[in-house]
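Taken together, the values in this text are just the output of simple stated rules run on the coordinates, not laboratory data. Computed from a predicted model, the values in this text were never measured in an experiment. Don't worry about glycine lacking a Cβ; one is built from the backbone with ideal geometry, like all the others, and counts go over all protein chains shown.
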Amino acid sequence: MLKAKSNEFMNKLIKFLLTLSIIFSLFIFSSNPSFSSEEALLLKLNIKCSGKKNDWSKSWNANFFAISTPYTFQGSRYWIATAEGEGHKKYEGDIGLNIFTGKKTNKDFRIMGDGIFLKNRSDGVFKFKFTSKGNKSIIEHLKQGVEGAGGKDKHRRECVIKLLNQVDAFDGVQVDKYISVRDKKIESLLNQIDNFKNIQEEIILKSKSSQEETNRLTEEFNKQIALLENQISTLTKEKKSIEKKLSLSEEKRESGETKLIIIQNKLKEYEENQTKLEEQSENQKIKLEDQKEKRKIAEEKIKLQKKQQKEAEEKIKILLKDQKISEEQRKLEELMKKIEEEKKKIEELKKQAE
């Protein structure tokens with residue numbers, strides 16, 4: 001009879017331990033981020049590009065963030081350019097932008113990108129193209145590195161984009177909730193440990209088994225408690241890590257907002273200066289047009305004056321000619337008159353001679 005009760009107690013204990021192990025396994029499975037049901041991921045990436053003519057000794061690299069789904073990819077970055085970094089003083093203080101979009105098929109994963117400067121827009125768009133072959137997930141492609149190139153001709157650069165870190169986008173935008181879930185899981189595990197200890201004490205008190213069997217059961221309970229404590233330790237570390245990252249993210253966000261305000265002010269100042277320059281240019285253009293019009297009028301007046309002067313000169317010539325003819329005619333008339341007078345005298349002399 002005692003043996004039957006002991007067997008029944010052991011069966012219940014084994015069933016309890018098996019149930020607890022299953023619950024514990026499910027708990028571990030559900031707490032593992034790699035089994036998240038969320039499809040969107042927040043990615044931290046690095047882009048590295050060579051110098052001219054694939055000279056990697058003069059390469060540059062930068063980190064940026066992107067969002068990916070199982071089939072799409074979108075990321076961007078910006079930087080404040082320097083004359084030294086870009087190789088020309090006209091880029092000093094300009095804002096450079098890179099915008100990347102990608103898609104995955106069963107054959108490959110492709111990323112297309114544009115690079116532009118806000119002030120030096122006349123430089124055009126610096127194009128990027130990356131390709132990784134194979135039927136793999138976007139994460140697998142990015143982990144091994146997606147190779148490509150940017151620019152063309154003498155400006156061509158060999159480039160590669162690689163994954164640095166990833167997190168579920170759902171967790172990324174709901175950090176407070178994520179921490180709260182960790183707190184609840186830790187609380188639940190602590191309750192389970194307390195329950196274990198209570199059940200352990202109760203079983204030991206009620207057990208009719210030998211000391212060896214009691215020790216074995218105690219050891220089994222202690223193992224389960226140790227596993228739960230390890231899980232609590234892991235969750236606590238995760239929580240602290242998340243809180244630290246959240247604190248750093250907040251500092252970076254505040255720093256980023258400050259930088260953004262500075263950039264916006266610089267852009268505003270640039271746009272105001274650009275507007276002033278455009279107004280000055282327009283005023284100069286108007287003045288130049290006005291000067292051209294005045295010069296044209298002056299030239300027409302000079303031309304008219306020259307024409308009038310020429311006409312006056314022609315009239316003077318005609319007048320002078322007319323005057324000359326008139327003078328000669330007067331002299332001729334006087335001469336004719338004298339001749340007539342002389343004729344009369346001759347006639348009178350003839351009459352006297354007769």
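Compare the peptides 91-103, 333-345 by average per-residue count of other Cβ atoms within 10 angstrom and give them in order, highest first. Let's see the in-between values first.
On the way: 91-103: 17.5, 333-345: 10.0.
Going by the mean number of other Cβ atoms within 10 Å, highest first, we get 91-103, 333-345.
Quick one: R156, R77, fewest Cβ neighbours within 10 Å first, how do they rank? Mind dumping the intermediate values first?
Values: R156 15, R77 18.
The order, fewest Cβ neighbours first, is R156, R77.
Just to check I understand the Karplus step: with θ = phi - 60° and J = 6.51 cos²θ - 1.76 cosθ + 1.60, what whole-Hz values come out for region 83-93, glycine and proline as x?
So the Karplus estimates, Gly and Pro as x, are 4, 5, x, 9, x, 7, 5, 5, 8, 4, x Hz.
Could you list L332, L43 in order of exposure, starting from the residue whose Cβ has the fewest other Cβ atoms within 10 Å? Before the final figure, lay out the partial values.
Values: L332 10, L43 22.
So the residues, fewest neighbours to most, are L332, L43.
Taking the simple approach of a point 7 Å from Cα along Cα-to-Cβ for both E340 and K268, what is their distance in nm?
Simple spin-label model gives 10.6 nm for this pair.
For Q329 and A353 in the same chain, what is the full-extension length gain: residue separation times 0.36 nm, less their Cα-Cα distance, in nm? Walk me through the numbers on the way to the answer.
Working: separation 24, 0.36 × 24 = 8.64 nm, distance 3.56 nm.
Net length gain for the segment: 5.1 nm.
For a Förster distance of 45 Å, can you work out the FRET efficiency between the beta-carbons of T105 and I80, rounded to the nearest 0.05? Walk me through the numbers before you get to the answer.
Numbers: r = 37 Å, r/R0 = 0.81.
The value I calculate is 0.75.
Using r as the Cβ-Cβ distance of E282 and E147, and R0 as 35 Å, what FRET efficiency do you calculate, to the nearest 0.05? Write down the numbers at each step before the final one.
Details: r = 49 Å, r/R0 = 1.39.
The computed FRET efficiency comes out at 0.10.
Just add up the charged neighbours of K321: K/R +1, D/E -1, any other residue whose Cβ is under 14 Å from the Cβ of K321.
Working: positive: K315, K317, K324; negative: E313, E314, D322, E327, E328.
Taking every Cβ under 14 Å from that of K321, the sum is -2.
With a ≥ b ≥ c taken as the square roots of the eigenvalues of the C-alpha gyration tensor of region 73-168, please select rounded if a/c is under 1.5 and otherwise prolate if a/b is larger than b/c or oblate if it is not?
Values: a/c = 2.57, a/b = 2.02, b/c = 1.27.
Since a/c reaches 1.5 and a/b is larger than b/c, the shape of region 73-168 is classed as prolate.
Step through the table entries K90/K268; K48/K154; K143/K244, compare each Cα-Cα distance with 21 Å, and write down the pairs that go over it.
Listed pairs above 21 Å: K143/K244.
Based only on other Cβ atoms within 10 Å, what is the fewest-to-most ordering of V146, V160, V125? Don't skip to the answer; put the middle values down first.
Working: V146 24, V160 18, V125 12.
Going from least to most buried by this count: V125, V160, V146.
Could you give the length gained by full extension between K89 and W60, i.e. 0.36 nm per residue of separation minus their alpha carbon distance, to one decimal place? Walk me through the numbers on the way to the answer.
Working: separation 29, 0.36 × 29 = 10.44 nm, distance 1.90 nm.
Result for the pair: 8.5 nm of gain on full extension.
What is region 41-172's relative contact order, in percent, from Cα pairs under 8 angstrom and six or more apart in sequence? Let's see the in-between values first.
Values: 313 pairs, mean separation 34.9, N = 132.
Across region 41-172, relative contact order equals 26 percent.
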